[in-house]
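Each remark here refers to the structure printed beneath this line.
Where a number appears in this text, it was derived from the coordinates with a stated rule and is not lab data. Predicted, not measured: the structure shown is a model, and the values here were computed from it. Quick reminder, even Gly has a Cβ in these numbers, built from the backbone with ideal geometry, and neighbours come from all protein chains shown.
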């Protein structure tokens with residue numbers, strides 16, 4: 001299986017994720033789309049690791065998963081806080097900077 | 001590569017099935033309005049990706065993907081979706097209004113075209129000659145704990161900071 005096939009699948013998933021981020025006003029749906037984009041990058045890293053015969057790509061994928069875990073934890077806490085303040089998870093509702 | 005022989009290798013079959021499931025589930029996750037349906041669809045895509053990792057020789061990452069991503073991260077996401085969606089009475093907390101209607105597909109199309117053009121033009125890399133290490137996990141540990149030791153330690157600090165930040169943010173009460 002050529003590397004390009006995995007890269008094209010990764011590009012497709014990344015573009016779909018970007019579409020979700022732009023299309024949705026719902027903060028939860030946007031987070032889910034960001035997860036999809038992170039996984040698209042992971043697939044590309046793992047496929048490249050196999051192609052080049054090195055494990056660096058797989059290790060980078062571990063770091064991406066660790067960062068994704070941190071991102072989801074903090075992101076969901078922010079979503080819960082916004083939902084408490086504005087009774088909605090619509091990102092356009094949280095448009096003022098007051099604390 | 002002889003185009004006239006229609007014999008599929010195991011890897012090609014796995015790529016076709018798992019990649020197809022992954023693409024369909026991902027599209028469904030993005031196009032659904034309901035975050036719960038999106039989250040469950042994304043979980044299917046994550047499992048399909050785990051299968052692809054396995055066929056790419058990343059057996060340990062297959063386990064991590066299922067345990068950490070499809071397990072822990074998605075449970076947290078679904079938990080919060082249910083938490084915010086199950087507060088009857090007031091107007092629904094789940095925003096359904098689509099935003100910037102046509103911009104999304106246009107952005108996706110432009111991005112995919114750009115990436116695909118770059119991928120197709122990239123020089124073809126010769127397949128590796130070296131056989132994968134017999135002890136996959138030990139080889140992985142050698143890279144992770146020697147070459148990437150400093151990023152590994154930074155990752156632990158990042159996770160601690162995220163843990164504390166999440167607790168502080170989520171427990172704050174609005175006056």
Open item on the list: Once the convex hull of the alpha carbons of the protein assembly as shown is built, what does its volume come to per residue, in cubic angstrom?
Closed with: 145
Open item on the list: Neighbour counts of other C-beta atoms within 10 Å: give me B:79, A:63, A:45 arranged from fewest to most.
Closed with: B:79, A:63, A:45
Task: Packing rank of B:70-77, A:46-53, B:114-121, where each peptide gets the mean count of other beta carbons within 10 Å, highest leading - done: A:46-53, B:70-77, B:114-121
Task: Extension gain from residue B:127 to residue B:147, taking 0.36 nm per residue of separation minus the Cα-Cα distance - done: 4.8 nm
Task: Average beta carbon contacts from partner chains per residue of B:10-20, 10 Å cutoff - done: 2
Task: Shielding of B:60-69 by partner chains, average beta-carbon count, 10 Å - done: 4
Open item on the list: Rounded to two decimals, what is the ratio between the C-alpha radius of gyration of chain A and 2.2 N^0.38 Å?
Closed with: 1.32
Open item on the list: I'd like the orientation of helix A:56-86 relative to chain A: the angle between its Cα long axis and the longest Cα principal axis, in ° from 0 to 90, rounded to 10.
Closed with: 10
Open item on the list: For B:62, B:145, which order do you get if you count the other beta carbons within 10 Å of each Cβ and list the fewest first?
Closed with: B:145, B:62
TODO: Any chance you could give the angle, 0 to 90 degrees and rounded to 10, that helix A:3-23 forms with the longest Cα principal axis of chain A?
DONE: 10
Task: Whole-number percent relative contact order across chain A, with pairs defined as alpha carbons under 8 Å at least 6 apart - done: 27
Task: Efficiency of FRET from Cβ geometry, residue B:67 and residue B:117, R₀ 35 Å, rounded to 0.05 - done: 0.45
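Ranked by Cβ crowding within 10 angstrom, fewest neighbours first, how are A:96, B:11, A:7 ordered? The partial results should precede the final answer.
Numbers: A:96 7, B:11 14, A:7 22.
The order, fewest Cβ neighbours first, is A:96, B:11, A:7.
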- [ ] Let me have the 222 nm mean residue ellipticity of chain A computed from DSSP H runs of 4+ only, each contributing -39500 (n - 2.57), with the sum over all residues rounded to the nearest 500.
- [x] -28000 deg cm²/dmol
Task: Inter-chain Cβ neighbour average for residues A:35-48, partner chain, 10 Å - done: 5
